[in-house]
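Heads up: the structure comes next, in structure tokens.
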Amino acid sequence: MMKKYLTNMLHLILLILSATLILPAFADEAGETGNMEILRQKITADKKLLVANNMNLTDAEAKAFWPVYDAYQQDLHQINERMTKLINDYSLAYSKGAVLNQTAKELLDEVIAIEVAEVNLKQSYVPRLTKILPEVKVARYIQIENKIRAIIRYELAEFIPLVE
């Protein structure tokens, strides 16, 4: 029962998160900025609750984990910002008709660079996490992050049309 609730909550959070990455490409710049920030703050809080409910941290582990988690999320936010810019750039190029080869190359280079940055970020945090948590809990945390990212990528893939 609790597992199904958490799964449903995760899907809702990630649907909203993926929408926050996609919507700026189609949103009115003036009126939407404040609403998007409020939505992002809500998602951040919900994600933290989801992680907390699934990590089973002791009090000592939690005290050491949450500052590292917050730093990771801050670094991940920079990657998310790059992804948002990439989606916006693609949306703009796509809306003009057929995407030029040079534009396609630049977009492809950036999407690969973003994926590499995400892998590098995880690799840089694993040693920090293993200093404060047992390896099983580090693996669990990385699994949670991977599942979240996989759902986001799935949602983005559903909404972003193939290049023409």
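Observations, loosely collected:
- Eigenvalues of the alpha-carbon gyration tensor of the range 110-164, scaled by 5 and square-rooted, set the equivalent ellipsoid semi-axes at 28, 14, 5 angstrom, largest first.
- Virtual paramagnetic centre 7 Å along Cα→Cβ of residue 140, amide N under 16 Å, in the range 50-78: 50-66, 69
- The stretch between residue 96 and residue 38 holds 17.8 nm of extra length on full extension. This uses 0.36 nm per residue minus the Cα-Cα distance.
- Inter-label distance for residue 45 and residue 88, nm, one decimal - labels placed 7 Å from Cα along Cα-to-Cβ: 2.6 nm
- When the pairs 63/85; 48/105; 42/96; 42/63 are compared against a 25 Å limit on Cα-Cα distance, 63/85; 48/105; 42/96 fall above it.
- Inter-label distance, nm, simple model (7 Å from Cα along the C-beta direction), residue 154/residue 58: 3.5 nm
- Each distinct pair of alpha carbons in the range 51-164 adds a 1/r term; the inverse of their mean, the Kirkwood radius, is 16.0 Å.
Values in this text are rule-based calculations from the coordinates and carry no lab data. Owing to the predicted nature of the structure, the values given are computational and were not obtained by experimental measurement. Ideal geometry is used to build each Cβ from the backbone, glycine not excepted, and the neighbour counts take in all protein chains shown.
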